[in-house]
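The next block holds one structure in the form of structure tokens; read it before the comments.
The values are calculated or read from the model by the stated rules, or taken from the named source; none is laboratory data. Keep in mind the model is a prediction, meaning the values are calculated, not measured. Here the Cβ positions follow ideal geometry from the backbone for every residue, glycine too, while neighbour counts run over all protein chains shown. Side chains are part of the model used for accessible areas, which takes the heavy atoms of the whole protein and leaves out ligands, DNA and RNA. Shrake-Rupley method; radii C 1.70, N 1.55, O 1.52, S 1.80 Å.
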Amino acid sequence: MRVWAAQQNRLKSLDVLRGLAIFCMIFVDAVPDPDRAPSWMLHTPWQGISFADLAFPGFVFAMGAAMAVWLDRRSGRRQGAATGKIWCRTMALILLGLLYNSLPLLFQYLLFPETASLSLWEEFSQHGRWLGVLQRLALVYAAGMMLGGRLRSDFRILLAAFLLLAASSAGFHWYAPNHPFAMDHNISSAVDQVFPGTAHCYLGKTFDPEGLYGTIACTASVLFGMLAGRLLQEKTMGGVLSLAASSALLLAAGWSWSQLDMVSKPLWTAPYALYTSGVLMLLAALVQLLFLCVPRAASFVFHPMRVFGMNALFIYMVTGVALSLLWLLPSSAEGQPFFSWLWSVSVGSMFPEADSIVCFALLWCVCWWPLMELLYRRRIFIKL
């Protein structure tokens with residue numbers, strides 16, 4: 001990671017979108033008791049969309065918008081140097097993802113060495129999770145940059161996105177024509193069992209929610225974000241109207257496609273990519289509209305989200321490390337992890353269970369604001 005000074009011509013609406021996405025990711029990760037949490041705070045186990053299912057696509061979408069800005073600012077420069085930076089960032093994200101996934105094992109070995117039956121390396125190589133959020137970000141970043149850098153025109157990028165969705169959908173129907181999205185028999189699960197293998201999937205399942213096959217449709221989500229980034233750079237009402245029209249197009253396409261394919265976050269199906277991108281395109285239009293019509297009020301209201309968005313990857317890593325440690329530490333209550341205990345002794349008894357979980361997750365996010373505000377005021381922005 002590197003520390004950069006702030007650029008004066010940053011696109012505020014993009015920082016806000018990225019901040020909203022990372023805030024939601026931190027919020028839904030901070031559920032202290034999944035069995036008692038409201039359903040909208042939890043990822044749907046297989047079919048449908050909840051609020052939580054918009055968090056990660058939001059970050060993917062914002063990353064695509066940032067990629068459009070990066071490509072536009074470097075148009076006309078040497079392609080070889082840009083390609084080298086893209087692959088370096090891709091590899092750095094993959095390595096960070098592997099390190100991030102190994103943190104629970106590492107903390108287990110450091111805090112409770114007596115429970116270890118294998119070495120840390122043996123445990124991770126045999127049972128560690130090899131894929132994850134950061135690895136998927138790396139793969140779709142590389143694919144999106146390669147496609148966006150070559151296709152250039154909005155129409156070609158849009159066409160490429162729909163072709164990727166069509167290819168993803170076709171694979172499901174080709175592999176299992178009768179039941180293409182069965183939980184125990186689909187092409188995504190089949191690919192995951194080859195790589196990384198069942199032992200290395202999330203929680204030892206037969207599929208990984210960030211598996212390789214889902215990367216195809218997820219790349220389409222990045223390309224939709226890239227189109228949004230191009231429209232945001234216009235900073236005009238025409239751009240806002242184009243974003244709103246694009247949102248309507250994607251939502252209509254998502255509804256039509258959902259008549260054929262299942263809406264599923266774990267599989268990142270075509271309708272899921274279209275629905276989430278449509279919602280996020282509309283959100284981008286609303287944020288940009290506010291910055292155009294009431295810039296001072298928008299800057300004030302969205303300031304916390306912009307602060308989070310300007311160090312998004314950093315805060316995701318830091319909060320993830322903290323959560324790994326707090327879930328592992330024991331508490332004074334027998335059998336209750338420390339993080340869950342914090343909820344029960346703070347707001348857990350003050351409100352009904354579901355409401356207290358929402359309140360606790362919000363407090364967890366707010367607790368990180370002083371650190372992010374400090375970095376922002378010092379003009380410190382940590383990125384790959």
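I want the local charge near residue 373. Using Cβ-Cβ distances under 15 Å, sum +1 for each Lys or Arg and -1 for each Asp or Glu among the other residues.
So the surrounding residues net to +3.
Counting only GluC sites (Glu not before Pro) that sit in a DSSP loop (anything but H, G, I, E, B) with at most 13 other Cβ atoms within 10 Å, what is the longest stretch of the chain containing none of them?
Counting only loop sites that pass the neighbour cut-off, the longest clear stretch is 1-233.
Normalised by the number of residues in region 188-281, what is the relative contact order in percent for Cα pairs under 8 Å and 6+ residues apart?
Relative contact order comes out at 28 percent.
Name the long-range amide H neighbours of residue 381: under 5 Å, sequence gap of 5 or more, or other chain; modelled H, no Pro or chain starts.
4
Using a 1.4 Å probe over the heavy atoms of the protein chains, calculate the carbon and sulfur portion of the accessible area of the chain as a whole percent.
67
Would you list the membrane-span-like helices of the chain, meaning whole DSSP H runs whose alpha-carbon atoms span at least 15 Å along their axis and whose mean Kyte-Doolittle value is at least 0.0?
Long hydrophobic helices here: 12-29, 55-73, 79-111, 133-151, 154-175, 214-232, 237-257, 270-293, 312-328, 353-367.
Rounded if a/c is under 1.5, else prolate if a/b beats b/c, else oblate: with a ≥ b ≥ c from the C-alpha gyration tensor eigenvalues square-rooted, which is the chain?
Rounded shape, in that the Cα axes give a/c under 1.5.
Accessible area per residue for the chain in Å², computed with a 1.4 Å probe and the full protein assembly in place, what is it?
So the chain comes to 46 Å² accessible per residue, rounded to a whole number.
Pop a pseudo-label 7 angstrom from the Cα along the beta-carbon direction at both residue 355 and residue 150 and give the gap in nm to one decimal.
Computed distance between label sites residue 355 and residue 150 equals 5.6 nm.
Quickly rank 132-139, 293-300 as a protection proxy: mean count of other C-beta atoms within 10 Å, highest first.
132-139, 293-300
What shape does region 225-348 take by its C-alpha gyration tensor, where a ≥ b ≥ c are the square roots of the eigenvalues and a/c under 1.5 counts as rounded, a/b above b/c as prolate, and the rest as oblate?
oblate
At a temperature of 10 °C and a viscosity of 1.306 mPa s, determine how fast region 118-232 diffuses translationally according to Stokes-Einstein, using the Kirkwood radius over alpha-carbon pairs as Rh; express D in µm²/s, rounded to the nearest whole number.
103
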